[in-house]
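Everything on this sheet refers to the single structure shown next.
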Amino acid sequence: MTMNNHPTLLLTGTLSATLKDRTIILAVTGSIAAVRTIELARELVRHGATLRTVMSQAAQGIIHPDALHYATGHPVITRITGAVEHVEYCGENGTADLLLVAPCTANTISKMALGIDDTPPATFATTAMGSGIPVLVVPAMHGSMYDHPAVRENIRKLKGMGVRLMDPLIDEKTAKIAANDDIVLEVQRILGGGNLGGKRVVITGGGTMERIDAIRVFTNRSSGLTGLELAREAYRRGADVTLVHPRPQGLYGITEVEVVSAKDMTRSVLDEIGKGCDLFISSAAISDYTVEPVDHKIKSGKEALTLALRPAPKLMREVREKFPGLDIIGFKAEANVDMDRLIASAKELMAKYSLSMVVANDVGAGGMGTPDNTVLILDRSGGEIGPVTGDKQLIAGAVLDKFIEVNG
């Protein structure tokens, strides 16, 4: 047996190991969105997955099987042969961890719901659904087809059978295939082990803005990227996630609550935690001070302008007072201090608010408004990790790994 030295396999795990040792069957049906699957396949490989592809005849009229052979590093299954490929991968003892049908046409959705398997993707789906292998369907079709009562009913049937379906993007009267990043995120959630499954996590992110007049505000350099990556990482791990931040982006699978000021953020967080919460992560750069704004524009041209600042609400204090038993992860930023002072400051914050963990960093050396960071992670048992250096997705993973390690 010769090893597969296909060049695509050199990309395996270059972005993350979240799908390492996972075999995914990518079933491609006859939607024009099939052109998107070449890059989708490569993204899954970059996160560590082994990809095998099965195509319908209609899909082969849109992209050539050689394109997906190149994208995955493995030959494409275009017909069921004496090797009974559908059983090999998706049977009761099959080697596949997930069947991903992307794009999935109205035709294939209905065939799956009715147990019709007259195309290779449909045959794989029937076999996977019968053996209990997870199935994720990513629809793509014209809007009127998606709105057909029978198609909607068949979607409901599939959900009732335990099949996961991603919502399409409704645009230009078309039910477009979900973004590749969102598909990868959902695959990671399904195959990630779910160590936060059943938990509700509320996260804050970004920098608040305090209004000065009808035009001006004061704020800080926070990009909000840490909060975004923490939200995505918690979602990957199975949590129900709410992100409270100033710049909602339509994040897939995550509830976003828009806020502006420190007062807005405090009010919204208390409201969200009050709905039920297992973990609160306070990663936002919240203003320590605010000002009484005026409704008009303050005239320019003055030699000096004095603003009377007053303390803004302290979110951590109010959360701890109202929810004394809640697990909280806090963030502590200092600027241009030595390591001993940074650790002491983090421990002071932890003791003050009875925090489960504190993530500390020196923003004088970078990290605020940048794509990467260097942090220390401290927990209430005295454990310490770090310095952890890398992009903010890596840091989000390290934070949640430590929380799960300590809290079980």
Revision key, fill the gap. Those residues of region 290-323 which are part of a loop (DSSP other than H, G, I, E, B), modelled with pLDDT under 95 and under 30 Å from Gly274 (Cα atoms) amount to Glu292, Pro293, Ala312, Pro313, Lys314
Study note, to complete from the structure: Thr108 meets each of (1) surrounded by fewer than 23 Cβ atoms within 10 Å (Cβ to Cβ); (2) touching a residue at least 24 places away in the same chain (Cβ under 8 Å) with one exception, condition (1)
Review point. Does Glu92 qualify as being crowded, with 17+ Cβ neighbours inside 10 Å and within 23 Å of Val163 (Cα to Cα)?
Key: no
Check your understanding: Of the residues Thr389, Thr306, which is farther than 30 Å from Asp213 by Cα and in the same structural domain as Ala214 (by TED's automatic domain parsing)?
Key -> Thr389
Point to revise | Matching residues in region 257-287 - criterion: being assigned to a loop (DSSP other than H, G, I, E, B) and either among the aromatic types (Phe, Trp, Tyr) or loosely packed, with under 14 Cβ neighbours inside 10 Å (or both) | key: Lys275, Gly276
Review point. Looking at region 45-69, which of the residues that are touching a Gly at 6+ places or on another chain (Cβ under 8 Å) and within 24 Å of Asp97 (Cβ to Cβ) is surrounded by the most Cβ atoms within 10 Å (Cβ to Cβ)?
Key: Ala59
Check your understanding: Name the helices (runs of 4 or more DSSP H) wholly within region 76-193 that hold at least 1 residues that are under 20 Å from the mean Cα position of the chain (by Cα)?
Key -> 180-191
Point to revise | Test: residue in region 366-386 that is among the hydroxyl-bearing types (Ser, Thr, Tyr), farther than 26 Å from Arg200 by Cβ and part of a strand (DSSP E or B) | key: yes
Review point. Quick one: what pairs do we get from region 26-42, first residue assigned by TED's automatic domain parsing to the domain that holds Lys111 and acidic (Asp, Glu), second surrounded by fewer than 24 Cβ atoms within 10 Å (Cβ to Cβ) and in a helix (DSSP H, G or I), C-beta under 7 Å, 6+ apart or different chains?
Key: Glu39/Asn180
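The values are calculated or read from the model by the stated rules, or taken from the named source; none is laboratory data. Just so we're clear, the structure is a prediction, and the values are computed from it rather than from any experiment. Neighbour counts run over all protein chains shown; Cβ positions are idealised from the backbone, glycine included.
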